[in-house]
1. Here's a check for you: in the range 1-13, which residue that is exposed (fewer than 12 other Cβ atoms within 10 Å of the Cβ) and not in a helix (DSSP H, G or I) is modelled with the lowest pLDDT?
2. What helices (runs of 4 or more DSSP H) completely inside the range 75-187 contain at least 1 residues that are exposed (fewer than 14 other Cβ atoms within 10 Å of the Cβ) and without any contact (Cβ under 8 Å) to a residue 24 or more places away in the chain?
3. Which residue, of 215, 278, 261, is crowded, with 17+ Cβ neighbours inside 10 Å and among the acidic types (Asp, Glu)?
4. Tell me the helices (runs of 4 or more DSSP H) entirely within the range 228-298 that contain at least 1 residues that are small (Gly, Ala, Ser).
5. Could you say whether any residue in the range 173-182 is closer than 21 Å to residue 60 by Cα, modelled with pLDDT under 95 and touching an Asp or Glu at 6+ places or on another chain (Cβ under 8 Å)?
6. Looking at 33, 66, 16, can you tell me which residue is out of contact with any Asp or Glu (no Cβ under 7 Å at 6 or more places or on another chain), open to solvent by less than 40 Å² (accessible area, probe 1.4 Å) and either over 21 Å from residue 130 (Cα atoms) or aliphatic (A, V, I, L, M) (or both)?
7. Across the range 8-40, what is the number of residues that are touching a Cys at 6+ places or on another chain (Cβ under 9 Å) and acidic (Asp, Glu)?
8. Name the residues in the range 188-212 that are assigned to a loop (DSSP other than H, G, I, E, B) and surrounded by fewer than 18 Cβ atoms within 10 Å (Cβ to Cβ), would you?
Amino acid sequence: MTVDQVGSPAELAGLLDRHGYLCDEGLATACFLALRMGRPLFLEGEAGVGKTELAKTLARGLGAPLIRLQCYEGLDASQALYDWDFPRQLLHLRAAEAAGVSDVSRLEGELYDRRFLLARPLLQALETSPSVLLVDELDRADDEFEAFLLEVLSDFTITVPELGTIRAERPPVVVVTSNRTREVHDALKRRCLYHWLEHPSFDREVAIIRRRLPDAAERLAGQVARAAQRMRETDLLKPPGVAESLDWTEALVALGVRDLDPGAAAVTLGAVLKYREDQQRVLGGGGAAGLEALLNGG
């Protein structure tokens, strides 16, 4: 299915559903409007709630390649946009010298030919149609990169001084995510359609676990979802998201567990809680007793 064939938020939700992603009406509407209006979709929320997975599923549903730009501190334009393939340019220069090429102007022009340009994610997305561009964890990047990204997303053109302006034949579908470790500037948010992803409700989380892990017993999926929901109500350094609930369930299924008891929870706790302090807080100093209280709502 192409972007133009998606006729409503309900159709988009159905498309995502068929590819294993369950979304609510609010997210489906925000995503549909981003597609219809040609605007980037800015998804913000805690880690593990499904922001990155939405972009991956959207790419599968639209039959478009996913081009991912993973943000990090120190990311600059050359790493996100393009770079020149200096080793190949040097080899070409030496080959030309060995062949006795004396036309310096021609040789300089050849060195900055398109074949020597290494396209990084942003340029790849502009040159690939259709495509889904995922700018993941933008809050980890520096302010300078944020300003640069805003410029690219404003008109979907990139200027390479040696080659000229490269314009997207059709702008990519853009999904920008943030875990809100810092505030993203208002100018970039204004360019996008914004949606905050909450942790799913109990029923939706059970449905997600059952959809992604059909081998998990319904009772086990409910027990994991209930325990994860209770952990999120606890003062943890890193409350578990849906991703951790899926990891935990997968670990339990791999061990042949069909009913989550304190013993099974204790030996698999590292699949859902990734900080020692969080594990100790959940155990409450009581070991199995702490897990018993968690699982039974005590």
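1. Of the residues in the range 1-13, the ones exposed (fewer than 12 other Cβ atoms within 10 Å of the Cβ) are 2, 4-5, 7.
Remaining after also requiring not in a helix (DSSP H, G or I): 2, 7.
Values: 2: 85, 7: 91.
That would be 2.
2. On the way: elements: 77-80, 86-98, 104-111, 121-127, 143-155.
Because the criterion is at least 1 residues that are exposed (fewer than 14 other Cβ atoms within 10 Å of the Cβ) and without any contact (Cβ under 8 Å) to a residue 24 or more places away in the chain, the helices (runs of 4 or more DSSP H) in the range 75-187 that meet it are 86-98, 104-111, 143-155.
3. Details: 215 fails: crowded, with 17+ Cβ neighbours inside 10 Å; 261 fails: crowded, with 17+ Cβ neighbours inside 10 Å.
Only one candidate passes the filter, namely 278.
4. Counting at least 1 such residues, we get 242-254, 262-267, 288-296.
5. Within the range 173-182, the first condition is being closer than 21 Å to residue 60 by Cα, and the residues that meet it are 173-177.
Imposing the further condition that a residue be modelled with pLDDT under 95 reduces the set to none.
No: the range 173-182 contains no residue that is closer than 21 Å to residue 60 by Cα, modelled with pLDDT under 95 and touching an Asp or Glu at 6+ places or on another chain (Cβ under 8 Å).
6. Values: 33 fails: open to solvent by less than 40 Å² (accessible area, probe 1.4 Å); 66 fails: open to solvent by less than 40 Å² (accessible area, probe 1.4 Å).
Within the list 33, 66, 16, the selection yields 16.
7. Taking the range 8-40 and keeping what is touching a Cys at 6+ places or on another chain (Cβ under 9 Å), we get 9, 12-13, 16-17, 23, 31, 34, 39-40.
Still in the list and also acidic (Asp, Glu): 17.
Residues that pass the stated criteria total 1.
8. Step one: list which residues in the range 188-212 are assigned to a loop (DSSP other than H, G, I, E, B), which gives 192, 198-201.
Correct list: 198, 201.
The values are calculated or read from the model by the stated rules, or taken from the named source; none is laboratory data. Predicted model only: the values in this text are computed from it and were never measured. For neighbour counting, all protein chains shown are included, and Cβ atoms are generated from backbone atoms with ideal geometry for every residue, glycine included. The accessibility values were calculated without ligands, DNA or RNA, using every heavy atom of the protein model including side chains. Shrake-Rupley method; radii C 1.70, N 1.55, O 1.52, S 1.80 Å.
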